[in-house]
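Student: The structure follows.
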Amino acid sequence: MDTATASEEETHDEHHDHGLSDVGYIKIALILGVLTAVEVATYFFDFGIVEVPSLLILMVVKFQIVVSYFMHLKFDSKVFSYLFLTGLILAMAVFAAMGTSMVFWQDPTGCDASSFC
Amino acid sequence: MADIDEIDTSNLAYGRTDWDDYHHLPTNTGLTNEKVTMWAFLGSDCLLFGALISTYLLCRNRFGPDTKGPTAADLFDIPFTSVSSFVLLMSSLTMVLAVTSIQRAEMERCKLWLLTTAALGSVFIAGQVYEFTSFYREGLGYTTNISSSAFYTLTGFHGVHVSLGIIMLVTMWVLVSRGNLGPERAETIEIIGLYWHFVDIVWIVIFAVVYLIP
């Protein structure tokens, strides 16, 4: 076996060894289930001014858990993180750009660009 | 980096039909091209869904000229959608169990988890079809207003992604069942798993931003 092939196989083994056990993944899924239950609770109970921030925080935490553990990004090469983060940051830039259309692109006649009137 | 003359080319995939002897080409990064490509695709798919979610948020309470009718938000059945969301979330667990099974060469267990994941995905799609049908009966068609167009486009695109994922999972199940995909190619299942988890995280965002935030 040549050096390049051996190195590649070592890299693969390393990736697999650093994942969680099946029980670990089940625990992660239970945490996600509980977080989803808390999210749904905001529909049935009035959380007042903390409702929207709570939902956004829960969404980000669930997103982070799935990406880190189920998608192995926490244990895998940083190259994958960079590829994914690039898309994610660009997506948020698209969201921000569209958001500005609701604030800045006002028509003097009273019909703003985002109202489709 | 190995000298090109030192690389053993006897196991390379070119022209070979024996799947058991399949080996990846060595790369400079030590990462396989297939996995890098999938992550690059998922990054680009973030842009697609970013644009669709942004469009929905911009249009959620807008009707357009000479159009009326309810908005999707008026018709949401949150308890029903919560169950669908939970089903899709749990399918991510069964998917990751399929990956760990094939890495341990437990092929029967891998097949079971693959099929379970596909079944949970199908339940989610069935729920979406039911939701769309009930919305349509309530008077919310695709062209009823701008809000409904944005809603159906966003959730419809997600549904198409889930459906493609189900097709890929069933294909993997067939390959594993026929013995064409063994533990030495566990990364193939892992890559399909990445796609499936991505579909799940997109729904995490849609469920919170579209359905739950008033």
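The values are calculated or read from the model by the stated rules, or taken from the named source; none is laboratory data. Just so it is clear, the structure is predicted and the values come from calculations on it, not from any experiment. Cβ atoms come from the backbone with ideal geometry, glycine included; neighbour counts cover every protein chain shown.
Student: Name the single residue that is nearest to B:SER91 (Cα to Cα) among those in the range A:42-59 being among the aliphatic types (A, V, I, L, M) and more than 9 Å from chain B (Cβ to nearest Cβ). Explain how you work it out, then say what you get.
Tutor: Taking the range A:42-59 and keeping what is among the aliphatic types (A, V, I, L, M), we get A:49-50, A:52, A:55-59.
Cutting the leftovers down to more than 9 Å from chain B (Cβ to nearest Cβ) gives us A:49-50, A:57.
Numbers: A:ILE49: 33, A:VAL50: 30, A:ILE57: 23 Å.
Ranking the qualifying residues of the range A:42-59, first place goes to A:ILE57.
Student: Inspect the range B:172-180 for any residue being crowded, with 23+ Cβ neighbours inside 10 Å and part of a loop (DSSP other than H, G, I, E, B) and give the result as yes or no.
Tutor: Checking the range B:172-180: not a single residue is crowded, with 23+ Cβ neighbours inside 10 Å and part of a loop (DSSP other than H, G, I, E, B).
Student: Looking at the range A:18-41 only, could you name the residues that are modelled with pLDDT under 85 and more than 10 Å from every other protein chain (Cβ to nearest Cβ)?
Tutor: A:HIS18, the sole residue that qualifies.
Student: Identify all residues within the range A:37-56 that are among the hydroxyl-bearing types (Ser, Thr, Tyr) and closer than 15 Å to B:VAL210 by Cβ; write none if there are none. Outline the logic, then answer.
Tutor: So in the range A:37-56, the residues among the hydroxyl-bearing types (Ser, Thr, Tyr) come out as A:42-43, A:54.
Residues satisfying the conditions are A:THR42, A:TYR43.
Student: Residue by residue through the range A:20-73, note down the ones that are out of contact with any His (no Cβ under 6 Å at 6 or more places or on another chain) and not in a helix (DSSP H, G or I).
Tutor: Answer for the range A:20-73, where residues must be out of contact with any His (no Cβ under 6 Å at 6 or more places or on another chain) and not in a helix (DSSP H, G or I): A:LEU20, A:SER21, A:PHE45, A:ASP46, A:PHE47, A:HIS72, A:LEU73.
Student: Kindly indicate whether any position in the range B:125-132 is closer than 23 Å to B:MET90 by Cβ and either among the small types (Gly, Ala, Ser) or buried (at least 21 other Cβ atoms within 10 Å of the Cβ) (or both). Talk me through it step by step, then tell me what you get.
Tutor: Quick first cut of the range B:125-132, residues closer than 23 Å to B:MET90 by Cβ only: B:125-132.
Filter again for either among the small types (Gly, Ala, Ser) or buried (at least 21 other Cβ atoms within 10 Å of the Cβ) (or both), leaving B:126-127.
Within the range B:125-132 (the criterion being closer than 23 Å to B:MET90 by Cβ and either among the small types (Gly, Ala, Ser) or buried (at least 21 other Cβ atoms within 10 Å of the Cβ) (or both)), the answer is yes, since at least one residue qualifies.
Student: Looking only at residues that are facing chain A (nearest Cβ under 7 Å) and in a loop (DSSP other than H, G, I, E, B) in the range B:49-66, which one is modelled with the lowest pLDDT?
Tutor: B:PRO65
Student: Kindly evaluate B:ALA150 against the criterion of being over 15 Å from the mean Cα position of the chain (by Cα), within 14 Å of chain A (Cβ to nearest Cβ) and assigned to a helix (DSSP H, G or I). Break it down stepwise before answering.
Tutor: Values: over 15 Å from the mean Cα position of the chain (by Cα): yes; within 14 Å of chain A (Cβ to nearest Cβ): yes; assigned to a helix (DSSP H, G or I): yes.
It is true that B:ALA150 is over 15 Å from the mean Cα position of the chain (by Cα), within 14 Å of chain A (Cβ to nearest Cβ) and assigned to a helix (DSSP H, G or I).
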